[in-house]
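Below is one structure, written out as structure tokens, with a few remarks after it.
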Amino acid sequence: TAQKAYATQTTPATDNELVKDSKYKGTRLILESRIQMQLGFSGLSTDMHAIYTYKNHMGETRSFIVYGSSFVKVSDGIYGVELSNLVYADARSPVTVNVYDARNNLVASATDSIEGYINRSGNGELYTSLIKFTDSAYNYLH
């Protein structure tokens, strides 16, 4: 009953927390058995790596490394850094992705959130329902 109430409540306003540099080319959201977000950048190569950091739904700061061999080709010249450790309850958490070259120099950076992506997409009912679902997941865990 409590979960049904969460799913039918009014959705709070979402914020667009997108922060990017010139190499950032966009975000993709992949909804399967788990949620995945990919942030695309130009100029990436397999000798680079990315570190993404966010505060999870429990308030813990989490950091993960993605090696260049795992970058996902999105289109010619654009590769995505897949953020595969997010869960639905983390949808409102901003995630910062920093990309480093082989010498550990910062070469690209972007911050986005699932919530921000949904807000920018403007796809109405589907995305409102998704935010209600992620809020329900958060409330279930708290």
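As an exercise, use a Förster radius of 35 Å and the Cβ-Cβ distance of Ser129 and Ile65 to find the FRET efficiency, rounded to the nearest 0.05.
0.60
Which aspartates and glutamates, if any, have their Cα less than 14 Å from the Cα of Lys73, not counting same-chain residues under 8 positions apart?
Straight-line reach from Lys73, under 14 Å: Glu82.
For the stretch 13-142, what is the charge dipole size about the Cα centre, in debye to the nearest 20, if Lys and Arg each add +1 at the Cβ and Asp and Glu each add -1 at the Cβ?
Values: 12 positive and 14 negative charges, 23 e Å.
The dipole of the stretch 13-142 has a size of about 100 debye.
Sort out for me the Cα centre separation of the stretch 19-52 from the stretch 78-120, rounded to whole Å.
6 Å
Name the residues whose placed amide hydrogens come within less than 5 Å of the amide hydrogen of Lys25, ignoring near sequence neighbours (fewer than 5 apart) on the same chain.
Gly40, Phe41, Ser42
If you bin the C-alpha pair distances of the stretch 23-142 every 10 Å from 0, what whole percents do you get?
14, 45, 31, 10, 1
A short reminder: the numbers here are calculations on the coordinates, not readings from a lab. Source: prediction; values computed, not measured. Please note: Cβ atoms are built from the backbone with ideal geometry, for glycine as well, and neighbour counts cover all protein chains shown.
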